[in-house]
1. Kindly establish whether Ala87 is crowded, with 22+ Cβ neighbours inside 10 Å and either outside any loop (DSSP other than H, G, I, E, B) or on the phi < 0 side of the Ramachandran plot (or both).
2. Exactly one condition in (1) under 22 Å from Pro264 (Cα atoms); (2) without any contact (Cβ under 8 Å) to a residue 40 or more places away in the chain is false for Met177; which is it?
3. So for the range 115-127 (the condition being touching a Gly at 6+ places or on another chain (Cβ under 6 Å) and open to solvent by 10 Å² or more (accessible area, probe 1.4 Å)), does at least one residue qualify?
4. Please go through the range 386-413 and give me each residue that is more than 27 Å from Gly199 (Cα to Cα), open to solvent by less than 20 Å² (accessible area, probe 1.4 Å), in contact (Cβ under 8 Å) with a residue 12 or more places away in the chain and touching a helix residue (DSSP H, G or I) at 6+ places or on another chain (Cβ under 9 Å), ordered by number.
5. Check Asn137, Asn151, Asn159 and return the single one that is within 20 Å of Ser95 (Cα to Cα) and either touching a helix residue (DSSP H, G or I) at 6+ places or on another chain (Cβ under 8 Å) or modelled with pLDDT under 95 (or both).
6. Mind checking which residues of the range 149-204 are buried (at least 20 other Cβ atoms within 10 Å of the Cβ), on the phi > 0 side of the Ramachandran plot and more than 15 Å from the chain's Cα centre (by Cα)?
7. Select, from Thr240, Thr233, Thr176, Thr188, the only residue that is at pLDDT 55 or above and in contact with an Asp or Glu (Cβ under 9 Å, 6 or more places away or on another chain).
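The values are calculated or read from the model by the stated rules, or taken from the named source; none is laboratory data. Please read these numbers as outputs of a predicted model, since none were measured by experiment. Quick reminder, even Gly has a Cβ in these numbers, built from the backbone with ideal geometry, and neighbours come from all protein chains shown. Side chains included, ligands, DNA and RNA excluded: accessible areas come from the protein's heavy atoms. Shrake-Rupley method; radii C 1.70, N 1.55, O 1.52, S 1.80 Å.
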Amino acid sequence: MDPGDGADALVAARTKPRSESLSQRSDNSQTAAEFLQDQMQLEADALEALPYSIEHCTNPLGPLRQSVFACLTCNPPPANPSDPYSAAGVCYACSIQCHGEHTLVEIFAKRNFTCDCGTTRLPKTSPCNLRIDPATNTKGGVHSEEPDVNNKYNQNFRNRFCGCECDYDPFQQKGTMFQCLGLGTHETGGCGEDWWHPGCVVGLGPKWFEGMAAEKVKKVEAKDAAANGQLPTIAEDAETAPQNGDSDAGEGGTDDDDDDDPPPPPGFPADDEFESFLCYKCVDAHPWIKRYAGTPGFLPPVFRKQGDAVQEAAPAVTTDESPAPSNGNPSKKRKAGDDDDDDDDADPGTTKRQKSEAGTPPQDPEPTPATPTCRLPGHTPTPPSQPQFSLFLTPTFRTHLCHCAACFPLLSPHPQLLEEEETYEPPASEDGAASTHGGDGTHSGGGSLYD
């Protein structure tokens, strides 16, 4: 064999795979600008999903209305639901920094809640990585601290929701769930701000629509067409909670997803008719609130069993908790137009009276307004056998609550009835402004991680 032929063959053997490799790499290659554009888009997507700072645990801030997450990896629920369960909840930052690789349940906003991360409610093997350990004065490794005894835990912390006590699966769940405003905790007979299926609110169950003929479903949709709006829900539109991956994000989903949603059940109000609601459990736990059903600011009662009562009837209930006439002081905050003086309570030595002219009969004193009267004087008691119902509240309901001396003590333990609550949001991520990208690959806003 000619040595030259062997050399030529060797060159060909080496050159062929090299040229093929170059061709293959060329097909899959990116320019630097394209690579950075793709990376910045990924970064923008991440910032959209996790827009808040994850640098600080909220535990030092004390009780807040905040987004809460339960970790099923650190606190697995017992197999038997009736067995005791030591629940725990962590804040947004800890859900990512301390439990990011665990199975989490996003519960959304809970009031007066202090983060449990780093406390005895969670195992020592899952310390808080964000707080300063007082023993070492270093960040991280915090565990076994005492939790806030005022935290309240309902079934949501074990991934159970609604009166039907279902395990929530965001990938299987259809339709919308609504969060109760929450008057009572589960210890007092209420729901503790639980999330409810519309079908369970009216006593038809979470899957009431299954098995219905398509024509019947269409009739229900046509009848309740106004009920197709959006409110804060577990499955779709979160009112206040920072997002952490799955569940209640945005209006989530495509038009096809919306088409798959079941219609609202018969008797359930249209979304644009109410702002929030109180479930039948909380109403039963605080029966004085029943007197407001059908009054200004409140829709007629929505009965749990639709056939037991007429929806349009506005009930009034007299219970042991109903206010009785008393001489207690009304709220010190009075509305414009309310007078400050009250003959029954005023000191006789300080009551203002008109001065008398010499030689003329004394003038009558200035008219004194009557003690503020109850706004619900005309209601009559309803039978004790009245069925359970939920109460739906319009955006103006707070302005229609009675603040008389008898009613205000019933309202004052529930600040959420007196004024709209603020939900804590962590500071925006330092790179939060870096979510807007120009079409030419440029980055508008703050700096990118790839700068």
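1. The answer is no for Ala87.
2. Status for Met177: all satisfied but (2).
3. Scanning the range 115-127 turns up at least one residue that is touching a Gly at 6+ places or on another chain (Cβ under 6 Å) and open to solvent by 10 Å² or more (accessible area, probe 1.4 Å).
4. If the condition is that a residue be more than 27 Å from Gly199 (Cα to Cα), open to solvent by less than 20 Å² (accessible area, probe 1.4 Å), in contact (Cβ under 8 Å) with a residue 12 or more places away in the chain and touching a helix residue (DSSP H, G or I) at 6+ places or on another chain (Cβ under 9 Å), then Leu401, Cys402, Cys407 are the ones that fit.
5. Residue meeting the stated conditions: Asn159.
6. Passing the criteria: Gly175, Gly203.
7. Going through Thr240, Thr233, Thr176, Thr188 in turn, just one is at pLDDT 55 or above and in contact with an Asp or Glu (Cβ under 9 Å, 6 or more places away or on another chain): Thr176.
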